[in-house]
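The values are calculated or read from the model by the stated rules, or taken from the named source; none is laboratory data. The structure displayed is predicted, hence computed values, not measured ones. With ideal geometry, Cβ positions are generated from the backbone for all residues, glycine too; neighbour counts draw on all protein chains shown. Surface accessibility is based on the protein's heavy atoms, side chains included, excluding ligands, DNA and RNA. Shrake-Rupley method; radii C 1.70, N 1.55, O 1.52, S 1.80 Å.
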Amino acid sequence: MVDGTENDIKPNGNYSSDNNLLIDCKNVDVFYGDKQALYNVSLGINEKEVTSLIGPSGCGKSTFLRCLNRMNDVIDSCSISGNIKINGEDIYNPHIDVVELRSRIGMVFQKPNPFPKSVFDNVAYGPRLHGKITDKDEMHHKVEASLVRAGLWDEIKDRLNEPGTSLSGGQQQRLCIARAIAVDPEIILMDEPCSALDPIATAKIEELIDELKTNYTIVIVTHSMQQAARVSQRTAFFHLGNLIEVGDTENIFRSPENEQTEAYVTGRYG
Amino acid sequence: MSKNINSMMLKRQSAEKRFRFYGQASLAIALIMLVVIISSMTYRSIPAFTNYGLNLNINLSNENISQDNINYRRLVRDNISLLDSGCDDRKCRKEFLRLFSSGAAYELRDTIENDPSLIGKDFSKFILFSDDADLFYKFGIDNSLPESERRLNDREITWLNGFKELGLVEKRFSTNLFTNGDSREPEIAGVLGAVIGSLLTILITLIISFPIGVLSAIYLESFAPKNKLTDFIEVNINNLAAVPSIVFGLLGLALFINFFGMPRSAPLVGGCVLSLMTLPVIIIATRASLQSVPPSIREAALAVGASEMQVVFQHLLPAALPGILTGTIIGLARAFGESAPLLLIGMVAFVVDIPGSFTDPATALPVQVYLWADSPERAFVAKTSAATLVLIFLLIIINLAAVILRKKYQLKW
């Protein structure tokens, strides 16, 4: 059993990589009111690869994900201690502009949540918001590029003026991904992006994640271990608010060091 | 076992059928009541939409007068006297004159002022009978009553029958009802003054309560810190929505009129008082519709990097707009039909002139209904119903606007 002290957790696991450490979390504790949701989590996430967070429901993996773009700020009772650095910058520093931070970190949610606007406006919303693009042609170009990258362009290029909510579930989720990448983030956080989708749509999204990792750092929370094995290079296993083990995905699934991890990934548990 | 299940199913099905029947029955009862109210109102208001009168010859050809010094009252009186009354004493002539509306002089003045070329000509002018004569033609008169207890004596009845036999009597649509302000004379009293007064009042209410209500709701919902003070404010807003309207009238009297010295009987004050009443309704409706926007939309916008204010104005507000508008219009409709608080701030005054500004003395339509219902003249009974119909008609228009706005701004999820 891990007692949660710093010595037991190796921030980067045994994993050695040529990639740079992008997100560095140290001793993160999260409380919802009196209830502690994360215990002393220290985890590093490397640039331009996919890190998946796995674990049984309520283990704190979504909570951890939402710490990374400060979405937990929205919840009044939530308080966070510890240190999260992105590119060496403490994101909980009071001088940090949350809005600017979130423009660098895109997020895709469990349930597709397109705005009740047209497909075009959904994608154009972010760039417009940040005033990055004001020219009309340039905006068209940006929307097209984002939709192409999200693998949605061919399917809906004739339906740009239809409401985003009229698309199918899988298309909506890819629209949300297009919306996230339209603001050119460094990092994309995905909170169980395929849990509301059928296998075919899931396959498409997974393919997309694989392509996106050449340009973006992706952190994905997933309930499906197969998905974690398929799409991620590194995997972190959470249990009851503790980070149990983190390492190379292959190692985690083939030869986990921790018994609990082994029990979970082999399906005996959780 | 399966028998058990079958009997259970039967029970459930019949329970469902019964429930459906109860629902239909209550709906039917509600509809019947509505139909009864509207149709009885309509039936009782029918006499108010017509007036009896006769075409009176006005002789202006042999008189050498200019427009400025015409005594219209005398002109009408003299020309009425030309009709054959068979009177030889003053009392009789006075009685004869009493059959005609005292408003005839004003109408004649308006006619001549509109067309000064009539001076120096003979022309005929439709003048109204007084309310008693009008009612005689509409309903007849109960001859079994002794003459002293009747509104018309035998001689007057003879005259009126005489007019009818001569074919002088004419029934016309009562435009007065829609173009005049209030009057002591039922045949010339109209609802226009009250309608304008009501509209001015409700405009003030809208201007004050809509922005304040929506903004406070947004603040409470999205920005206010969750602490004891906001809880206290919230409880009080909910309480205010349940406070009897007359209390707001007392507050308005003490605050706006006595303390701030605003004019009595003015739509400005009426609007202020009604906004006090409408504010909590709008705040509650706005908060409810903001709450009903799926939180996922808020998260989506925040995650793209929208600020809290951008989330509110670009996402929450457009999505909540149909609900906000419906709530506002329902609040306004309630204020539109309100009379009690207006009584206290003097909008119950007898106002003949049609109000032209927010500070002119005015009355409101529901108060007009109350005033007329309280009047002793029998002709006001029909007027009361007619004014109520106008009120209901305006409320239907307001509610229709709510439905249309709701449809127009409804977002598809």
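Details
- Heavy atoms of the protein chains alone define the surface here; on that basis the stretch B:192-409 has 44 Å² accessible area per residue at 1.4 Å probe size.
- Accessible heavy-atom area order of A:268, A:230, highest first, probe of 1.4 Å: A:268, A:230
- Packing around the peptides B:226-239, B:117-130, B:134-147, B:284-297, taken as the average count of other Cβ atoms within 10 Å per residue, puts them in this order, highest first: B:284-297, B:117-130, B:134-147, B:226-239.
- Inter-site label distance for residue B:340 and residue A:81 at 7 Å from Cα along Cβ, in nm: 5.6
- Shielding score for A:212-224, defined as the mean number of other chain Cβ atoms within 10 Å: 0
- Amide H within-cut-off set for residue A:190, under 5 Å, with H built and near neighbours excluded: A:108, A:219, A:220, A:221
- Listed residues A:94, A:114, A:185, most fluctuating in chain A (Gaussian network, C-alpha, under 10 Å): A:94
- Ordered by solvent-accessible area of protein heavy atoms (1.4 Å probe), largest first, the residues B:321, B:60 come out as B:321, B:60.
- Distance in nm between pseudo-label sites at residue B:147 and residue B:233 (7 Å out along the Cβ direction from Cα): 7.6
- Overall form of the stretch B:14-154 per C-alpha gyration tensor (a/c, 1.5; a/b vs b/c): oblate
- Interface burial for A against B (accessible surface, 1.4 Å probe, total of both chains, Å², rounded to 100): 1700
- Cβ-defined net charge surrounding residue B:278, 12 Å radius [Lys, Arg +1; Asp, Glu -1]: 0
- Gain upon complete extension [residue B:121, residue B:84; 0.36 nm per residue less C-alpha separation]: 11.1 nm
- Ellipticity estimate at 222 nm from DSSP helix runs (n ≥ 4, -39,500 (n - 2.57)) divided over chain A, nearest 500: -9500 deg cm²/dmol
- Percent carbon-and-sulfur accessible area, the stretch B:160-215, ignoring ligands, DNA and RNA, probe 1.4 Å: 67
- With a 10 Å cut-off around each Cβ of A:92-103, the average count of Cβ atoms from other chains is 2.
- The stretch B:198-216 and the stretch A:143-162 have Cα centres lying 44 Å from one another.
- Taking amide H as placed 1.01 Å from N in the peptide plane, residue B:50 has its amide H under 5 Å from the amide H of B:174, each at least 5 places away in sequence or on another chain.
- Overall form of the protein assembly as shown per C-alpha gyration tensor (a/c, 1.5; a/b vs b/c): prolate
- Cut-off 12 Å between beta-carbons: net charge of the residues surrounding residue A:60, Lys and Arg +1, Asp and Glu -1: +2
- Positions from the stretch A:113-157 whose accessible area shrinks by 30 Å² or more when the full protein complex is built, not the chain alone, probe 1.4 Å: A:113, A:115, A:116, A:125, A:129
- Top of A:167, A:65, A:212 by mean-square fluctuation, Gaussian network on chain A, Cα under 10 Å: A:167
- In the full protein context, the stretch B:2-46 carries 95 Å² of accessible surface per residue, based on a 1.4 Å probe and ignoring ligands, DNA and RNA.
- For residue B:189, the shell of other residues with beta-carbons less than 11 Å away shows a net charge of -3, using +1 for Lys and Arg and -1 for Asp and Glu.
- For chain B, modelled as a GNM whose springs connect Cα atoms under 10 angstrom apart, the maximal fluctuation among B:213, B:23, B:356 occurs at B:23.
- Among the residues of B:292-303, the average count of other protein chain beta-carbon atoms within 10 Å of the residue beta-carbon is 6.
- Cα centroid separation, the stretch B:298-362 to the stretch A:229-270: 57 Å.
- Difference of contour (0.36 nm per residue) and Cα-Cα distance, residue A:223 to residue A:157: 20.5 nm
- Ordering B:302-312, B:101-111 by mean Cβ neighbour count within 10 Å, with the highest value first, yields B:302-312, B:101-111.
- The HN-Hα couplings worked out from phi for the stretch A:127-132 by the Karplus form 6.51 cos²θ - 1.76 cosθ + 1.60 (θ = phi - 60°) are x, 5, 4, 8, x, 6 Hz, whole numbers, x standing for Gly and Pro.
- Cα-based shape type of the stretch B:2-46, given that a ≥ b ≥ c are square roots of the gyration tensor eigenvalues and the cut on a/c is 1.5: prolate
- Segments A:174-182, B:75-83 sorted - mean Cβ within 10 Å per residue, highest first: A:174-182, B:75-83
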